[in-house]
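Worksheet for the structure shown next.
The values are calculated or read from the model by the stated rules, or taken from the named source; none is laboratory data. Small disclaimer: the values here were computed from a predicted structure and weren't measured. Here Cβ is always computed from backbone atoms with ideal geometry, including for glycine, and neighbour counts include all displayed protein chains.
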Amino acid sequence: MLPDHKKKAMAAIKRLNGLSKKLESMIEEDTYCPDILEQLLAMQGHTKHIQGLVLESHLHTCAPKKLGSKNEKAFIEELLKVIGLSKR
C-alpha cells in the first residue's frame, strides 16, 4: 500500500476497534436500539473509508503493472468482482 494510505487505513482501523468495543458494551448494557444502530452506522462508515483507501492504493500501485500486460483481463475482472461485492 501507499504509505499515506496505509497510515490513514491503520488510523481508521484503530477507530473501528474502539467503536467495536463500545458497541459490545452498548449491547451488554441493553442500550437503546437506535443508539446501537447509530454506532453500527459509524462502524460501517469507517469500513467503507478503509475500503476506499485500499482500492485507491491498489489502483496506484498494482494497476499500472497489470494494465497493458497479458493479465489485464483477469485484473479488470478481479476489480469488478471486488467493487461488486462492496455494493452488497
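Considered as a group, the residues in segment 30-68 that are surrounded by 12 or more Cβ atoms within 10 Å (Cβ to Cβ) and hydroxyl-bearing (Ser, Thr, Tyr) include one that is nearest to ILE13 (Cα to Cα), and that residue is THR47. Listed by position, the helices (runs of 4 or more DSSP H) contained in the chain that have at least 1 residues being at pLDDT 95 or above and charged (D, E, K, R) are 3-28, 33-61. Being in contact with a helix residue (DSSP H, G or I) (Cβ under 7 Å, 6 or more places away or on another chain) and small (Gly, Ala, Ser) narrows it down to one residue among SER69, SER86; which is it? That would be SER86, the only listed residue that is in contact with a helix residue (DSSP H, G or I) (Cβ under 7 Å, 6 or more places away or on another chain) and small (Gly, Ala, Ser).
When segment 5-19 is filtered for residues that are under 19 Å from LEU59 (Cα atoms) and either crowded, with 17+ Cβ neighbours inside 10 Å or among the charged types (D, E, K, R) (or both), the ones remaining, listed by number, are HIS5, LYS6, LYS7, LYS8, ALA9.
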